[in-house]
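Here the structure comes first, spelled out in structure tokens, and everything after it is commentary.
Please treat every number below as a calculation from the coordinates, not as lab data. Owing to the predicted nature of the structure, the values given are computational and were not obtained by experimental measurement. In this analysis, Cβ positions are derived from the backbone assuming ideal geometry, glycine residues included, and neighbour counts consider all displayed protein chains.
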Amino acid sequence: MNLMNVVEKEYAVTNNFPEFKAGDTITVHYKITEGNKTRIQQFKGTVLQIKGSNHTQTFTVRKMSGSIGVERIFPIASPFIEKIDVNKRGRVRRARIFYFRERTGKSARIKERKY
Amino acid sequence: MQGLIGKKVGMTSVFDEDGKNIPCTVIEAGPCVVTQVKTEDKDGYNALQLGYGDKKEKNSTKAELGHFKKAKTTPKKMVVEFTGFTGGEYKTGDVLDVNLFDDDTWLDVRGWSKGKGFQGVVKRHGFRGVGDQTHGQHNRERSPGSLGASSYPSRVFKGMRMAGRTGNNKVMAISLRVMKLIPDSNLLIVKGSVPGPKGGYLIISK
């Protein structure tokens, strides 16, 4: 694995996104190119999991669009992510909160983490 | 066909300039030692014999030891001949590294695929199996079906595809784009996958 570390160093992620964990509510500002126009779309939701390491790391964000749940997986090294805002820090006991998918309404609340 | 011997390190993915996520394989290409120079006059053809990967002296035959001693190097695990080095620019004992390749070119990579053991026809030859669990199919979901007709030819034709040892074949992945070279640690990153397990030996040619 030693040589793999060399590759990871070569492709090290340089963007300065804030640290976030599963349970946090974040807004991902995502660049979208339509024809020759570029606009920025915001995707706000709860982080379900962070997967992988280094430049191949991805994170899953879930939001409720009306009554339909929408999940998006973003690669952390994607050049299309303009910035990430952390709106709320959530207190969860797990690193991957897949149980959150079954929750709706009152039970789909996550307590805020206070420092 | 110029080339090097290497080893598969692993796979990763990188974003290219268009923002596409490209699956990539990391290969340790070289350093390879020239163990013999074959010439038109002496051997009837021009070629370079390259060696890669150290092996223990106690695991080498005396003939091998003598051969590698001539090139003033340690015994090598893998020895491959490459034609295409026509000029007399290399002599025995020279070391070739990943700088032989250029960025943003295309390479062919040969290797040995992963061994899968004794497998049935569905995995080995892509048969579809019976396709049904009911309608009288007692225990033959993945069976090959008929092997041929009856009284004529009264035999099974040669080369009929059947179950057997699968994998561990010599496989060539052609036209892989070089994404990046890291000469400091002899690493080569190509687009796509290459045959074999991590640590498997590969023959990389231009």
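More than 17 angstrom separation, counting every C-alpha pair in the range A:3-104; what % is that?
Of all Cα-Cα distances in the range A:3-104, 56 percent exceed 17 Å.
How large is log10 I(q)/I(0) at q = 0.12 Å⁻¹ when the Debye formula is applied to the Cα atoms of chain B, each weighted equally and without solvent?
Debye curve over Cα of chain B, log10 I(q)/I(0) at q = 0.12 Å⁻¹: -0.77.
Within 10 Å of each Cβ in peptide A:4-11, how many partner chain Cβ atoms are there on average? Round it to a whole number, please.
Per residue, the number of nearby Cβ atoms from other chains is 6 on average.
Kindly provide the helix-only [θ] at 222 nm of the protein assembly as shown, computed as the sum of -39,500 (n - 2.57) over DSSP H runs of four or more divided by all residues, to the nearest 500 deg cm²/dmol?
So the helix-based figure for the protein assembly as shown works out to -2000 deg cm²/dmol.
What trypsin sites (Lys or Arg not before Pro) in the range B:1-82 are in a loop by DSSP, with at most 14 other Cβ atoms within 10 Å of the Cβ?
Listed in order of number, the matching sites are B:K20, B:K56, B:K72.
Remind me, what semi-axes does the protein assembly as shown give for its equivalent ellipsoid, largest first in whole Å, using sqrt of 5 times each Cα gyration tensor eigenvalue?
The answer is 48, 34, 18 Å, longest axis first.
Roughly how crowded by other chains is peptide B:16-27, in terms of the mean Cβ count from those chains within 10 Å of each of its Cβ atoms?
That works out to 2 on average.
Could you put B:W106, B:W112 in order, starting from the residue whose Cβ has the fewest other Cβ atoms within 10 Å?
Listed from fewest to most nearby Cβ atoms, that is B:W106, B:W112.
With unit charges on the beta carbons (Lys and Arg positive, Asp and Glu negative) and the dipole taken about the Cα centre of the range B:1-123, which residue among B:V122, B:L4, B:T39 sits farthest to the positive side?
B:V122
For B:D54, what charge total do you get from the other residues with a beta carbon under 11 Å from its beta carbon, if Lys and Arg give +1 and Asp and Glu give -1?
Result for the neighbourhood of B:D54: +3.
In chain B, once you exclude exposed GluC sites (Glu not before Pro) (DSSP loop, at most 10 other Cβ within 10 angstrom), what's the longest stretch remaining?
B:90-206
Hey, got the dipole for the protein assembly as shown? About the Cα centre, +1 on K and R Cβ, -1 on D and E Cβ, debye to the nearest 20?
My answer is approximately 2120 debye.
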